[in-house]
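Reviewing the structure listed below.
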Amino acid sequence: MVTATITRPAGDAPTYGYLVNLVERYFSCVDANDLSGVLDCFTEDAVFTIQSAHSTHSGRDGLRAMYEDLFATYTPRMRHVHFTHVADPENNRIASQFTVELTDTGGTETTLTNCNFFYLDGLRFHRVFVYMSDGVNVLH
């Protein structure tokens, strides 16, 4: 379980730093297979779309199923690194480009360069759009 916490900004408006920290905390939780930490980053009615694979997961139940499958498949290794962020706190959104290093339970290694677009409702992700390189959909 990831123990890092996010300091909430004064009021309900996210700052540039808050947006970057939320994205990086989210990926730390993903890399640690911390399902409760991951889900805590989302609103109850969040929608998560893997645009490059035309796949959408909705609500906490849909997200839970997607992450349980992801964690089971990539238990040996999942690592998100080399982030570049463009945050827009005035409009409650952030885009993040990064590298993903994966090893599945069969030993197959995959490296992707992805870009995610996060839209917040309050201080949590409400809509996420994922673009994966090479057309690989590791989030089924």
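Restricting to region 48-99, name every residue that is aromatic (F, W, Y) and closer than 27 Å to G17 by Cβ. Matches in region 48-99: F48, Y67, F83, F98. Each residue in region 51-98 was checked for being in a helix (DSSP H, G or I) and either in contact with an Asp or Glu (Cβ under 8 Å, 6 or more places away or on another chain) or hydroxyl-bearing (S, T, Y) (or both), and 5 of them qualify. When L120 is tested against the conditions (1) closer than 25 Å to T15 by Cα; (2) at pLDDT below 95; (3) crowded, with 16+ Cβ neighbours inside 10 Å, the lone failure is (2). D31 fulfils the conditions (1) of a type in the set (D, E); (2) in contact with a Phe, Trp or Tyr (Cβ under 9 Å, 6 or more places away or on another chain); (3) surrounded by 15 or more Cβ atoms within 10 Å (Cβ to Cβ) except for a single criterion, (2). The residues of region 54-72 that are within 17 Å of H126 (Cα to Cα) and either at pLDDT below 95 or of a type in the set (K, R) (or both), listed by number, are S55, R60, R64. Only residues that are at pLDDT below 75, surrounded by 15 or more Cβ atoms within 10 Å (Cβ to Cβ) and hydroxyl-bearing (S, T, Y) were counted across region 1-28, and they come to 0. Checked against the criterion of being at pLDDT 95 or above and among the polar types (S, T, N, Q), the candidates N137, N91 yield just one match: N91. The set of residues from region 99-114 being in contact with a Ser or Thr (Cβ under 6 Å, 6 or more places away or on another chain) and part of a strand (DSSP E or B) comprises T99, E101, L102, E109, L112, T113. Within region 34-50, the residues that satisfy the criterion of being surrounded by fewer than 21 Cβ atoms within 10 Å (Cβ to Cβ) and in a helix (DSSP H, G or I) are L35, S36, G37, L39.
The values are calculated or read from the model by the stated rules, or taken from the named source; none is laboratory data. The shown structure was predicted, so the numbers you read here are calculated from the model rather than taken from an experiment. Glycine gets a Cβ as well: all are built from the backbone with ideal geometry, and neighbour counts include every protein chain shown.
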